[in-house]
Amino acid sequence: MSRDHDLPQPPGRRTLLKGAALAAGALAVGPATAVTASAATGTAAPHPAAPPFVNPLVRQRADPFVLRHSDGGYYFTATVPEYDRIVLRRARTLNGLATAAESVIWTKHATGAMGAHIWAPELHRADGKWYVYFASAPAESVWDIRVWVLENANPDPFRGTWTERGQITTAWETFSLDATTFTHRGSRYLAWAQHEPGMDNNTALWLSRMADPWTLTGPQIRLSTPEFDWECVGYKVNEGPAVIARNGRLFLSYSASATDHHYCMGLLTVDADADLMDPGNWAKSPVPVFTSNDTTRQYGPGHNCFTVAEDGRSDVLVYHARQYKEITGDPLDDPNRHTRVQRLGWHRDGTPDFGVPVADTVTVPGPTAGSGSHSALGKENA
């Protein structure tokens, strides 16, 4: 999620992501205080420490999405283990989401379209209305997964009527999921994951401008395809894009590989002044920026979003991870990917410092059986 109005002035010289700097960010635990976006100018100053985050924040909620609305509240949605509904929580603080009441705002269809695999919902505010982007499949063909949109004109997303705006039409009728939307320089964009016919992958990352919150204008460009070893473990996957604008650049994080402990995050970057629709303007990190950690005992971190702390300035990383490495059976059938939050730091060169997935602050029960969270596992190709 970007805050374009907060974007600092771009530096005089473009700084591309460097593998060494990103590797350092993936290995070093960030401090308790966050660095402001002015770090790119060398004048960084720490913010006062916020209350410690509760982790895990929300149990058995994968693919988390947190929006801090203009009313000051935090709105939360995520994939539920049953894959059958879209839920919403609201709280005045991030930690408050842990115990906030959860409402079901939409339920899958019994038959036909939107009848199975309700995955990765995101809640966005656009043109004075609320929108939920999510993935689903027909009840009779559960791997024909596509991106769909709900709309609610009520100022309160817990009230009013959620209207089904339908499927987002892309260039191909192929496996697609994990849509997110953002605005930049007056244009709205959609980023998502999709399988491209003829490509030797499960999903790549795509970008298109939008005519309205449910219609692409085209063209759609490929931002990234799995190419490094760490993106191709188990499955060749790039998915779960999330965007943050800082320090004269846009950073797009994404998740890669199968959803066991190999699941990890990569990063793309582009100058804020560049044409986002030119793939050549995007630089890709050759190393993952956020990975499993044996010391903190967090495994498979990924499918993140970005939000801001209660001070309105400190950036926060929201993601899911498991608390164990060994999984019995298909990771899709394991429900224990929990929503987690931690401070997002910034390197002196203006690039994000993800650190490592932090250790638990509360005790949770051990592994339980059941249906779990998702990845673009390419079942349509199995």
**Asked** Shape of segment 241-372 from its Cα gyration tensor (a ≥ b ≥ c, root eigenvalues): rounded if a/c is under 1.5, otherwise prolate when a/b > b/c, or oblate?
**Response** prolate
**Asked** Which shape class applies to segment 172-327: rounded if a/c is under 1.5, otherwise prolate when a/b exceeds b/c and oblate if not, where a ≥ b ≥ c are the square roots of the Cα gyration tensor eigenvalues?
**Response** oblate
**Message:** Just to confirm the filter: which trypsin sites (Lys or Arg not before Pro) across segment 180-259 are DSSP coil and have at most 14 other Cβ within 10 angstrom of their Cβ?
**Reply:** ARG185
**Asked** Long-range amide H contacts for ALA272: which residues qualify at under 5 Å (H placed 1.01 Å from N, peptide plane, sequence gap of 5 or more or a different chain)?
**Response** ARG249, LEU250
**Message:** What do you get for chymotrypsin sites (Phe, Trp or Tyr not before Pro) in segment 252-352 restricted to DSSP loop and a cutoff of at most 15 other Cβ within 10 Å of the site's Cβ?
**Reply:** TYR324
**Asked** Under a 5 Å amide H to amide H cut-off, with H placed in plane at 1.01 Å, what residues pair with ASP144 once short-range neighbours are removed?
**Response** none
**Asked** How do the peptides 57-64, 81-88 rank, highest first, by the average count of neighbouring beta carbon atoms within 10 Å per residue?
**Response** 57-64, 81-88
**Prompt:** Whole-Hz Karplus ³J(HN,Hα) for segment 101-106, in order, using 6.51 cos²θ - 1.76 cosθ + 1.60 and θ = phi - 60°, x for Gly and Pro?
**Reply:** 4, 10, 10, 8, 9, 6
**Request:** Calculate one ³J(HN,Hα) per residue across segment 67-77 by plugging θ = phi - 60° into the Karplus curve 6.51 cos²θ - 1.76 cosθ + 1.60, and present them in order as whole Hz with x for glycine and proline.
**Result:** 10, 8, 7, 5, 7, x, x, 9, 10, 10, 9
**Request:** Can you bin segment 142-187 into rounded, prolate or oblate? Criterion: square roots of the alpha carbon gyration tensor eigenvalues sorted a ≥ b ≥ c, rounded for a/c under 1.5, prolate for a/b above b/c, oblate for the rest.
**Result:** oblate
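Each value in this text was obtained by applying a stated rule to the coordinates, not by laboratory testing. What you see is a predicted model, and the numbers here were worked out from it, not measured in a lab. Backbone-built Cβ (ideal geometry, glycine too); neighbour counts: all protein chains shown.
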